[in-house]
Amino acid sequence: MSNTLGQSSSGYAAVLPETKLAFPYDHLPHPTFRQEWWYLTANLETESGKQIGVQWTQFRMAMSPEAEARIQTEALTKSQGWATNQLYLAHTAVTTKDTHLANEKWSREHPKFSAVSASPFEIKLDNWTWEAQGDDLFPALLTVESDQFDYRLALTNDSPLQLQGENGYSRKSADGSVASHYYSQPFIDVKGEVKLNGELISVTGTAWLDREWSSQFLADSQQGWDWFALRLHDGSTLMLFQLRPSNAEQKSFYSGRRMYPDGRGENIPSADISMTPLDYHQVDEGSYPVVWNIVIPTQQINLNINALNKEAKMPLSIPYWEGPVYFNGSHTGEGYMELTGY
């Protein structure tokens, strides 16, 4: 994961704390940065009360910095007419208590195959599409078709976007040497259908969209991350992550934000966050922490988090663990967890 997303930012655009995010412009790609993603997780429920998790992500990766890419593009255009240094990758998964199915697609950037465009806003890779009705993100229809499963989800929202970190400047290390531009929409209403095992199932629920772009996501000394998107039943949401060091004797870097539907939000100091894995589960060749205790005394939060399906490893070209979770303790609720670098 860290090799693909990049540990060197040389030649690419820099993430700067003074940059002000602007919308709808920043919903679109940032090709001078090395990588970015549009990332949705949804906790859904069938009419009979069965829990279903859906995850969809579209990544964009630049294969070379802009100046180098321009030279390559000019040469390739003369000979092939297919030149681009932008690569798109999409991941998707459907998870229940008993089933976890995942799929991926790759494509070079091309208007007919894979692109992100405005007026109306659209994200597509082949027949996996996010189609909005206007220039903004919502309302939108997210459609995925695959051999294993299909889904068609109507996404609506009336809450302000949340800027993570310092007005969208999200530190990924204590010294700020690694950072991303990062914003979220954690209050999305969902209604639609999931086709699983040949059965078309009506679902409703809530979803969370994350947007990040950067040119270096991890420092050389960092191994991976544990990320949580949690929806508390008091109506608030909680984004938390830790970036783990390669050297076990060093400390992890933590970040968090508690958010509310009216647009209010509060950043949580790193020193206030305690994340402790309580149980690991072996999936293929990796052992993943699927049970956690998260404590934030300043927020009166003490959560015991469990995976809905411990087998929710994404067996793709970039393997990682990703799946729905539920929790109890000081608060109850559900959400999503992502584990990389194990």
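Laboratory data are not the source of any read-out in this text; all were calculated from the coordinates shown. Model, not experiment: these values are computed from the prediction. For neighbour counting, all protein chains shown are included, and Cβ atoms are generated from backbone atoms with ideal geometry for every residue, glycine included.
Listing for the model above:
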quantity: Exposed-site-free run, longest, the chain (rule: GluC sites (Glu not before Pro); DSSP loop; at most 12 other C-beta within 10 Å); calculated: 48-248
quantity: Surrounding net charge for P24, when Lys and Arg each add one and Asp and Glu each subtract one, Cβ distance under 9 Å; calculated: -3
quantity: Approximate spin-label separation E193-L28, in nm, with each point projected 7 Å along Cα-to-Cβ; calculated: 3.4 nm
quantity: For H331, H110, order by how many other beta-carbon atoms lie within 10 Å, fewest first; calculated: H110, H331
quantity: Inter-label distance, nm, simple model (7 Å from Cα along the C-beta direction), S117/N328; calculated: 5.1 nm
quantity: Order of L40, L232 under a 10 Å beta carbon neighbour criterion, fewest first; calculated: L232, L40
quantity: Listed residues L196, Q58, L21: farthest to the positive end of the dipole of the chain (Cβ charges); calculated: L21
quantity: Förster radius 30 Å - calculated FRET efficiency between K20 and T156, Cβ distance, rounded to 0.05; calculated: 0.65
quantity: In region 22-339, lysine pairs closer than 15 Å at Cα, eight or more apart or cross-chain; calculated: 8
quantity: Extended-chain gain in nm, criterion 0.36 nm per residue less alpha-carbon gap, N293 and T99; calculated: 67.4 nm
quantity: Region 22-339: translational diffusion in µm²/s, Stokes-Einstein, Kirkwood Rh over Cα pairs, 4 °C, 1.567 mPa s; calculated: 64 µm²/s
quantity: Summed residue charge, Cβ within 12 Å of F149's Cβ, Lys/Arg positive, Asp/Glu negative; calculated: -3
quantity: Relative counts (whole %) of C-alpha pair distances in region 209-342, using bins that are 5 Å wide; calculated: 2, 9, 19, 23, 21, 15, 8, 2, 0
quantity: Average Cα contact separation per residue, the chain, under 8 Å, 6 or more apart, as relative contact order %; calculated: 16 percent
quantity: Length added when fully stretched, D135-Q250, from 0.36 nm per residue minus Cα-Cα; calculated: 37.0 nm
quantity: Separation in nanometres of the label points that stand 7 Å from Cα toward Cβ, at M63 and E285; calculated: 2.6 nm
quantity: For region 129-272: relative contact order, % (alpha-carbon pairs under 8 angstrom, 6 or more apart); calculated: 17 percent
